[in-house]
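Visitor: Take a look at this one; I'll ask things after.
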Amino acid sequence: MALSKIDGTNLITGLPAGSVLQTVQTLKTDTYSSTANGFNDVTGLSVAITPSSSSNKVFVVADVAMGLSDFYSYNWVFKVLRDSTSIGVHSGATTDASGGGNLYASGGSYPYLFGNAKFILDSPSSTSSLTYKIQANKISASATLYLNRKGADTSVGAVSSITAMEIAG
């Protein structure tokens, strides 16, 4: 087993490949809503991390609790970005999403899908500060997208999070 030491900037060096070097998380406990079309940043759902080596990877866990004002013919999707670059998304679709949902529910209901998790092992090849964030998109001109609650109904709530872990390369 390799010996570990603390270097001049208090980073642990010499750990075997696959070791977790640092972990940062943002837990969003309040509600977000949007009527905007297209992908938009979810306010308060981002995390910054600075890898200690360009050969290290960043393991990103995105857990999103989403609702819509109505799912009748409407959908919602989300994606994970590193700074302005989409990661872990479909490569050939018009809408490049990491995940999402659709339920066929009649008007007047308040649909929601909590616990939509994605796990992405990113290779940023960087030692600069990186920001990982979530963007959401309602695929409808009239629906309202909600985060952390059951659509327009405030009686059921949840939390969302984004976690980034630096993994030794």
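We did not get these values from a lab; they are worked out from the coordinates using the rules stated. Here the structure is a predicted model, which means the values were calculated and not measured. Virtual Cβ from ideal backbone geometry, glycine too; neighbours counted across all protein chains shown.
Visitor: Between A17 and D83, how high is the FRET efficiency from 1/(1 + (r/R0)^6) when r is the Cβ-Cβ distance and R₀ = 35 Å? Nearest 0.05.
Guide: With R0 = 35 Å, the Cβ-Cβ based efficiency is 0.90.
Visitor: How large is the translational diffusion coefficient of the stretch 12-56 in µm² per second when you combine the Kirkwood radius over alpha carbon pairs with Stokes-Einstein at 4 °C and 1.567 mPa s?
Guide: This corresponds to a translational diffusion coefficient of 92 µm²/s.
Visitor: Lysines near K133 by alpha-carbon distance under 23 Å, same-chain residues fewer than 8 away left out - which ones?
Guide: Excluding near neighbours in sequence, the set is K28, K57, K79, K118, K150.
Visitor: Which ³J(HN,Hα) values in Hz, rounded to whole numbers, follow from the phi angles of the stretch 44-56 under the Karplus curve 6.51 cos²θ - 1.76 cosθ + 1.60, where θ = phi - 60° and Gly and Pro get x?
Guide: Residue by residue, the stretch 44-56 yields x, 10, 8, 8, 10, 8, 10, x, 7, 8, 6, 8, 7 Hz.
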